[in-house]
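Notes follow once the structure below has been shown.
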Amino acid sequence: MDLHTLAFLAKKLIGIFLLPPMLPLTLVMLGLLLMKRRPRSGRWLAWGGVAVGVLLSWPVSVGWMLRELEHDAPITASQLKQAQAIVILAGGRRRYAPEFGGETISRITLERTLYGARLAKQSGLPVLVTGGSPTRGTPEAELMRRTLRDDFGVAARWVEGASLDTRENAVFSAQLLSAAGIKRIALVTHAAHMPRSIREFEQAGLTVYPAPTAYFTGRDDAPDALPDLPNANSAYAGFYALHEWLGLIALRLRSAL
């Protein structure tokens, strides 16, 4: 395993402890461990962990976190006409999928691939799929190519299978597209992931027409199911929202250096 892959895995490991469920659980555990020596501080830390867990799963607070992320409207027909290609970002894989004969794309990647296929059929634009594999295995972009071909009848013209994160998605995709004289793209990813993706692809030299999909929020700015109480949907949306805010912070810090 090379240093590049090790650095990526280290980043993912750190991220686990900055996101739910490990973030609130870690705070609670540290607070309980501190109770004997510093009861007051331990209680504050433990209850702080509980509060963080609630805020990251309560639909109202999660909706507030998502509001500034999911501000891009669906792509319009006129915007799609101005694009020269459609770029679909990977978002994970299912390693154990015996019903598909091995690996396949994850639910997140499927949602993006589904919408990308729809846009490709509507517009006739060529498609680039991007996403690598941090460990040994089939690159996510290749799994996306197969899904597009076998399940949606769409051929991907470019398969970028070396990238490990959104920045590399942008840089490596731009290299492929520039060789074909393409500078304007319709970018397909989750609505909450779009702000970070736009910045990375614009920094790579491309003009981006956002094509967001899989919105977490509705008109009330809260996850759909059981909008008044924490639930599985709002907890997942909270995880995703915090992940994106941390990604934006990291992007800004990297740009400032």
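A few remarks follow.
- Boolean, Ala120 is under 29 Å from Ala237 (Cβ atoms), crowded, with 23+ Cβ neighbours inside 10 Å and either under 15 Å from the mean Cα position of the chain (by Cα) or among the charged types (D, E, K, R) (or both): no
- Hey, Leu187 touching a residue at least 24 places away in the same chain (Cβ under 8 Å), crowded, with 22+ Cβ neighbours inside 10 Å, out of contact with any Cys (no Cβ under 6 Å at 6 or more places or on another chain) and within 22 Å of Lys81 (Cα to Cα) or not: yes
- Considering region 78-117, the residues that are surrounded by 18 or more Cβ atoms within 10 Å (Cβ to Cβ) and among the basic types (Lys, Arg) include one that is modelled with the lowest pLDDT, namely Arg93.
- Restricting region 123-142 to residues that are among the polar types (S, T, N, Q) and either closer than 25 Å to Thr5 by Cα or under 16 Å from the mean Cα position of the chain (by Cα) (or both), the residue that is modelled with the lowest pLDDT: Thr135
- The residue that is farthest from Lys183 (Cα to Cα), counting only those in region 123-154 that are hydroxyl-bearing (Ser, Thr, Tyr) and surrounded by fewer than 22 Cβ atoms within 10 Å (Cβ to Cβ), is Thr135.
- Just one of the numbered conditions (1) part of a helix (DSSP H, G or I); (2) in contact (Cβ under 8 Å) with a residue 12 or more places away in the chain; (3) under 28 Å from Asn233 (Cα atoms) is not true of His4: (3).
- Test for Gly153: is it closer than 15 Å to Ala90 by Cα and of a type outside the set (Asp, Glu): no
- Residues located in region 30-43, provided they are part of a helix (DSSP H, G or I) and loosely packed, with under 14 Cβ neighbours inside 10 Å: Leu33, Pro39, Arg40, Ser41
- Across region 47-77, the qualifying residues are those that are surrounded by fewer than 20 Cβ atoms within 10 Å (Cβ to Cβ) and of a type in the set (A, V, I, L, M), and the one among them that is farthest from Phe239 (Cα to Cα) is Ala77.
- If the condition is being surrounded by 13 or more Cβ atoms within 10 Å (Cβ to Cβ) and more than 18 Å from the chain's Cα centre (by Cα), then region 1-29 contributes Thr5, Met22, Leu23, Pro24, Leu25, Thr26, Leu27, Val28, Met29.
The values are calculated or read from the model by the stated rules, or taken from the named source; none is laboratory data. Computed from a predicted model, the values in this text were never measured in an experiment. Note that each Cβ is placed from the backbone with ideal geometry, even for glycine, and that neighbours are counted across all protein chains shown.
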